[in-house]
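None of the figures in this text is laboratory data; all of them are computed from the coordinates on show. Bear in mind that the values here come from a model prediction, so they are computed numbers and not experimental data. In this analysis, Cβ positions are derived from the backbone assuming ideal geometry, glycine residues included, and neighbour counts consider all displayed protein chains.
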Amino acid sequence: MDISGVGYLIYCPTKVINKLSPLGQIDELLIETIVREDQITLYGFKEEREKYWFNLLLKVQSIGAKTAMNGLSVLSVEELELAIISEDSDALTRITGIGKKGALRICTELKDKTFHIPNIIDNNNNNLMQDAISGLISLGYGQSEAYSTISKINIKDGDKKLEEVLQLALKILSEKK
């Protein structure tokens, strides 16, 4: 970044870099500054929630800025939240620098910090929803991917049968590819 002839190096998640305007155009970033004894490092984000999750990840024991950046590069904020809510350690281990123990630590330490995702949490007792999620998991989809997909389907009591919900979910999943 160039401000009045002074250049600044800003580290951004890959997903943020992909959202930036073409070179030479003006862009706005939310900056998180981390000051250490020997350096000042700037991290840039397009959305407040990305910055919020970056700072939350930094609070987890043994997670540094580089790993937090990797996390936001690999998973969207929504995917990260879903992985934590559903304790899907497999999704979290896709992040470079996070193993099984680190993934479990993230789930444990950040579970109460996730935003309220009504369709997932409020309908948690809904047997149809649980059956549909279990069905997708048994078909080989990850737990957080199953939660995410089923949460997009409007399920009202007695409104749909399990077969209909699974068909809609598979349609949503096939459109993602």
task: Run the dipole for the chain about the Cα centre, Lys and Arg Cβ at +1, Asp and Glu Cβ at -1, nothing else charged, and hand back the magnitude in debye, nearest 20.
output: 340 debye
task: Let me know the longest stretch in the chain that avoids all chymotrypsin sites (Phe, Trp or Tyr not before Pro) found in a DSSP loop with at most 16 other C-beta atoms within 10 Å.
output: 9-114
- prompt: For GLU87 and TYR8, FRET efficiency with R0 = 35 Å and r from the beta-carbon atoms, rounded to 0.05?
  reply: 0.35
task: Using the number of other C-beta atoms within 10 angstrom as an exposure proxy, rank LEU136, LEU168 with the fewest first.
output: LEU168, LEU136
message: I'd like the FRET efficiency for ILE40 and THR108, computed as 1/(1 + (r/R0)^6) with the beta carbon distance as r and R0 of 41 Å, rounded to 0.05.
response: 0.85
- prompt: Once the chain is represented by equal point scatterers at the alpha-carbon sites, with solvent omitted, what log10 I(q)/I(0) does the Debye formula produce at q = 0.11, 0.16, 0.19 Å⁻¹?
  reply: -0.57, -0.99, -1.22
- request: Quick one: among SER21, SER89, SER73, which has the greatest mean-square fluctuation in a GNM of the chain with alpha-carbon springs under 10 angstrom?
  value: SER21
field: Given charges at beta-carbon only (K, R positive; D, E negative), |dipole| of segment 13-52 in Debye
entry: 200 debye
task: Can you tell me the FRET efficiency between LYS101 and LYS59 if r is taken as the Cβ-Cβ distance and R0 is 25 Å, rounded to the nearest 0.05?
output: 0.90
Helix 65-74 axis, angle to the chain major axis (alpha carbon atoms, nearest 10°): 40 degrees
- prompt: List the lysines whose alpha-carbon lies under 27 Å from that of LYS46, not counting same-chain residues fewer than 8 positions away?
  reply: LYS15, LYS19, LYS59, LYS66, LYS111, LYS113, LYS152, LYS176, LYS177
- line: The relative contact order of the chain, taking Cα pairs under 8 Å that sit 6 or more residues apart, comes to a percentage of 15 percent
- line: Nearest 10, in degrees from 0 to 90: the angle of helix 162-176 to the longest Cα principal axis of the chain is 30 degrees
query: Which residue, chosen from ILE98, VAL77, GLY7, occupies the Cα position most advanced towards the positive end of the dipole of segment 2-113, where the dipole is computed from +1 (Lys, Arg) and -1 (Asp, Glu) charges on Cβ about the Cα centre?
result: ILE98
message: Under 8 Å for C-alpha pairs, at least 6 residues apart: give me the relative contact order for segment 27-66, rounded to a whole percent.
response: 29 percent
query: Counting other Cβ atoms within 10 Å, which GluC sites (Glu not before Pro) in segment 13-102 have at most 15 and lie in a DSSP loop?
result: GLU28, GLU37, GLU47
query: What is the fewest-to-most order of VAL35, VAL60 by other Cβ atoms lying within 10 Å of their Cβ?
result: VAL35, VAL60
statement: Note on segment 1-49: alpha-carbon gyration tensor, axes a ≥ b ≥ c; rule is a/c under 1.5 for rounded, else prolate if a/b larger than b/c, else oblate; result oblate
- request: At 4 °C and 1.567 mPa s, grab the translational diffusion coefficient of segment 54-117 from Stokes-Einstein with a Kirkwood Rh over Cα pairs, rounded to a whole number in µm² per second.
  value: 116 µm²/s
